[in-house]
Amino acid sequence: MKKLLLILLSLTFLNAQDYKKLFDPNSTYFETGNFTITFYNAENQKGIDPNYDLYKNLPFRTIAVNPHKIIPGNVVFIPQFAGVKLPDGSYHDGYFFTHQILDKPKGESIKFFIDKNQPNPFMEKKVAKAVVFEARGRIAKSMRLLFKLQFTKKEIKPTYKMVAAEFTNLMHEGNKKIGSVNERIQKYSELGKGTPYLIYNLGEGVGSKIDPDPTIDFARTDCMTFCEHTLALAISDNYPEMYDNLQKIRYKKGEVEYTARNHFTIADWLPNNNWLLEDVTLKVGPGLTKKMDKTIDRPTFYKNNGVPEEKIKEAPQKEKLTVDYIPTKNLLKISPNLKGGEIVSIVTTNPVVVSAHMGIIIRDAWDNLLFRHASSSQSTNEVMDVRFEQIVKSLEKSKSRVGMIFMRAREDFKIPQ
């Protein structure tokens, strides 16, 4: 206990340039800017948007933010306030919940919710501006779990905790309110945030000799199955229908067999789902696209994954493929053309595949452009949102991931029989 107290006290005396020493090594941090600080309380909520009221205010933990600068609902880390002694005698860890938004937000400013009946411990720091980081991964999960009962007004069950009847209720109610398939994709995918990541989580079910993983499992996901699950929800009215539609999305003609599965995103998944999906890359990036040639060697892929020779002969064979994609340097230019709901394939230079990763484009209530995806990073390892410009910045640093292909669900789709 003494050791912990000494560590917390030492935080107070850290210089601003030492903030990275406070980062949790198993989490991810995004610097969002240097923000002007003000305060509000239960009686004086001037400048707070009364229409955004999803969470309870929690003294010394809740902040109101400009949603164009910081994504509402996220956990943020403010290093200047790590080590501040709170009225109850404990020491602040520097983590806050962005559970309110500013009314008519402008620029980089945040408001801290304080208890009007207790001293304001942050005033003692005399900090007019603070560096703010959005925190993702282990530390954010821990903070949400620790304070969940204190700030949650209404339990919103994520899809990874739902059972069949709850999925049916979700689609019954959601589909009445949301007519557009692309809007449903955005709404239902939001309920998938926080789903634990697991690569290769689905298969052909018990009894399959090649991949006996379950044919459906919302409790875990990888980048492709997250997109498949979301699409199946968006075009269905109840759980049995959603299950059947999921198999039609995952397999050519809905035939649940390993060699009929749409393993290759652009070579199989997109063309075999042309009843539902349209490649809109040329539409959203006219004059900004580039071509890439690939050879999709399915027989070698099947052989490496244990498919018998006799089955390989009957399965789809090697194919030369030319695709249009938008190079990384042009992605921010086309962002105004993205409506939200688009499925994204991140293009790789790997010679045997086109797609290295998948996700969904989101236009939120404040017109922010987000990339929602199942992150495989050890520091996040869940379905999460990042700003579109952040994912573009990460691609700029990559030598192998060079751009994106965009797909959009057809509003006039017809489910194959």
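With Cα atoms defining each centre, the range 314-343 and the range 396-414 are spaced 4 Å apart in the structure. When only Cα pairs below 8 angstrom with a gap of at least 6 residues are kept, the chain shows a relative contact order of 15 percent.
Could you point to the residue in N238, I78, S398 farthest towards the positive end of the chain's charge dipole, with +1 and -1 charges on the Cβ of Lys/Arg and Asp/Glu respectively? Of the candidates, I78 comes out farthest on the positive side. Taking trypsin sites (Lys or Arg not before Pro) in DSSP loop states with no more than 12 other Cβ atoms inside 10 Å as exposed sites, the chain has its longest site-free stretch at 210-317.
With contacts taken as Cα pairs under 8 Å and at least 6 residues apart, the range 160-409 reaches a relative contact order of 21 percent. If you take the beta carbon distance between L149 and K21 as r and set R0 to 22 Å, what does 1/(1 + (r/R0)^6) give as a FRET efficiency, to the nearest 0.05? E(calc), rounded to 0.05, equals 0.10. Checking every one of the chymotrypsin sites (Phe, Trp or Tyr not before Pro) in the range 305-408 against DSSP loop status and a limit of 14 other Cβ atoms within 10 Å picks out W366. Across the range 269-283, coupling constants 3J(HN,Hα) worked out from phi with the 6.51/-1.76/1.60 Karplus curve, θ = phi - 60°, read 4, 5, x, 6, 10, 5, 5, 10, 10, 10, 6, 10, 4, 5, 6 Hz, and Gly and Pro carry x.
Go through K209/K318; K187/K414; K69/K399; K283/K393; K161/K303; K290/K339 and tell me which ones have a Cα-Cα distance over 25 Å in this structure. Where the Cα-Cα span goes over 25 Å, the pairs concerned are K69/K399; K161/K303. Here each label is just a point 7 Å from Cα along the line to Cβ, and for A164 and K85 those points are 5.9 nm apart. Pairs of Lys residues in the range 71-149 that lie 8 or more places apart, or on two chains, and have C-alpha atoms under 25 angstrom apart add up to 21. A straight chain from N34 to E255 at 0.36 nm per residue would run longer than the Cα-Cα distance by 74.2 nm.
With R₀ set to 22 Å, the beta-carbon distance separating K116 from L54 gives a calculated FRET efficiency near 0.45.
Each value in this text was obtained by applying a stated rule to the coordinates, not by laboratory testing. Every value quoted in this text rests on a predicted model; they were computed, and no experiment measured them. Reconstructed Cβ throughout: ideal geometry from the backbone, glycine too, with neighbour counts over all protein chains shown.
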